Amino acid sequence: MLMLNKTDLTPASFILNGVPGLEDMHLWISFPFCTMYAVAMVGNCGLLYLISYEDSLHRSMYYFLAMLSLTDLVMCTTTIPKALCIFWFHLKEISFDECLVQMFFIYISTGMESGVLMLMALDRYVAICYPLHYSTILTNLVIAKLGLATFLRVVFLIIPLIFLIRQLPYCRGNIIHHTYCDHMSVAKLSCGNINVNVTYGLVIALLIGGFDILCITISYTMILRAVVSLSSADAQQKAFSTCTAHICAIIFSYSPAFFCIFSHRFGGHMIPPSCHIIVANIYLLLPPTMNPIVYGVKTKQIRDCVIRILSGSKNIKSHSI
């Protein structure tokens, strides 16, 4: 009888309600979402092709960039097509299992985004502080192990979260006021105790985001010390310029995340829910859109490779950044 009740309290599907309060503007909201998604797809697929095609980009920095591009593709594709279906065709229903799968890939990709940014900070640290040993420290095998360890860390932390959300009884309706299956938006529909879900969500944020930010901070502290110790101002500028694109990627990734975290904790009643949801979507869409643009503009070697391919020239030489 207990099992029957538990089954009855598991909904067959949820209704994703889009952006509450702005239903009449869904069509207008969809245009920037669609444009950014198209740019993200073209940019990241282009970067992946370029890195695989161009021998001069077969280096650790660009392997990490390929990981970031692949992660970005998964992150935005997991959410934006469904959001556009809501905005354009009012296809709001999502099955319970599809909701859990979407949630799993959202948190896997955001966790990997943070982890890869941390690995890229490590790459910049080795490149600037140990330039003579750069290729011997970050070998292809080491890069593969770091990428696998980062992926497994996220998977092992996210699987219990999905298990916890699946075990909850749901008796507060099935309407999710969001464009995708966010963990807490789903948990709040439960009539059970969600304290464990809340606590474990914070633990994941600390073990992934907190740890990665700490490592990035330490890496850039060491980089700054190494750059300042250089005798020439030109050498200082050249060394630090190699970090510009990565710093921009960190800003694009963590700024919306910090806004979501702090606004929920300290300004939840002053900021309308529609703002929270739009920023939550930007958090998943802005990094995939901007990362290829930033790395394409700021990285000379990528620019040269693009020019070479577009012009069909064989004589343009690639230079390191």
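Within the chain, Cys34, Cys45, Cys76, Cys85, Cys129, Cys215, Cys243, Cys248, Cys260, Cys275, Cys305 have no other Cys Cβ under 4.7 Å of their Cβ and so lack a disulfide-compatible partner by this rule.
One equal scatterer on each Cα of the range 64-219, no solvent, Debye formula: the resulting log10 I(q)/I(0) at q = 0.10, 0.13, 0.19 Å⁻¹ is -0.45, -0.69, -1.17.
May I ask you to compute the full-extension gain from Tyr53 to Ile218, defined as 0.36 nm times their residue separation minus their alpha-carbon distance, rounded to one decimal in nm? Can you show the working numbers first?
Values: separation 165, 0.36 × 165 = 59.40 nm, distance 3.38 nm.
Using 0.36 nm per residue and subtracting the Cα-Cα distance, I get 56.0 nm.
Of Thr150, Thr244, the order by accessible heavy-atom surface (1.4 Å probe, DNA, RNA and ligands excluded), from most exposed downward, is Thr244, Thr150.
Listed highest first by mean packing, meaning other Cβ atoms within 10 Å per residue, what order do 229-236, 39-46 come in?
Details: 229-236: 10.2, 39-46: 18.8.
Taking the mean over residues of other Cβ atoms within 10 Å, the ranking is 39-46, 229-236.
Start at zero, step by 10 Å, and the Cα-Cα distances of the range 105-189 spread as 15, 33, 23, 15, 11, 3, 0 percent across the bins.
Full extension from Cys171 to Ser255: what is 0.36 nm times the residue separation minus their Cα-Cα distance, to one decimal in nm?
Numbers: separation 84, 0.36 × 84 = 30.24 nm, distance 3.49 nm.
Difference between extended and current length: 26.7 nm.
If the chain between Trp88 and Thr139 were fully stretched, how many nm would it gain, using 0.36 nm times the residue separation less the Cα-Cα distance?
Here the segment from Trp88 to Thr139 would lengthen by 13.7 nm.
The modelled label-to-label distance between Glu23 and Cys129, using points 7 Å beyond Cα along the C-beta direction, is 5.5 nm. Rounded to the nearest 20 debye, the dipole magnitude of the range 1-91 is 160 debye, with +1 charges on Lys and Arg beta carbons, -1 on Asp and Glu beta carbons, and the Cα centre as origin.
Total lysine pairs in the range 169-314 at Cα distances under 27 Å, for residues eight or more apart or on different chains: 4.
Kindly report the accessible area of the chain per residue (heavy atoms of protein chains, probe 1.4 Å, no ligands, DNA or RNA), in Å².
Details: 16170 Å² over 321 residues.
Counting only protein heavy atoms, the per-residue value for the chain is 50 Å².
Using a ≥ b ≥ c from the Cα gyration tensor of the range 1-84 (square roots of the eigenvalues), is it rounded, prolate or oblate, where a/c under 1.5 gives rounded and otherwise the larger of a/b and b/c decides, a/b for prolate? Kindly include the intermediate steps, with their values, before the conclusion.
Details: a/c = 5.12, a/b = 1.70, b/c = 3.01.
Cα axes put the range 1-84 in the oblate bin.
Dipole magnitude for the range 57-133: computed about the Cα centre from +1 point charges on Lys and Arg Cβ and -1 point charges on Asp and Glu Cβ, it is near 240 debye. Rg over Rh of the chain, using C-alpha atoms and the Kirkwood radius, what does it come to? My calculation of the ratio gives 1.02.
The values are calculated or read from the model by the stated rules, or taken from the named source; none is laboratory data. Since we're looking at a predicted model, the values are computed, not measured. As a convention, Cβ positions derive from the backbone with ideal geometry for all residues, glycine included, and neighbour counts pool all protein chains shown. Just so you know, the surface numbers come from the protein's heavy atoms only, side chains and all, with ligands and any DNA or RNA stripped out. Shrake-Rupley method; radii C 1.70, N 1.55, O 1.52, S 1.80 Å.
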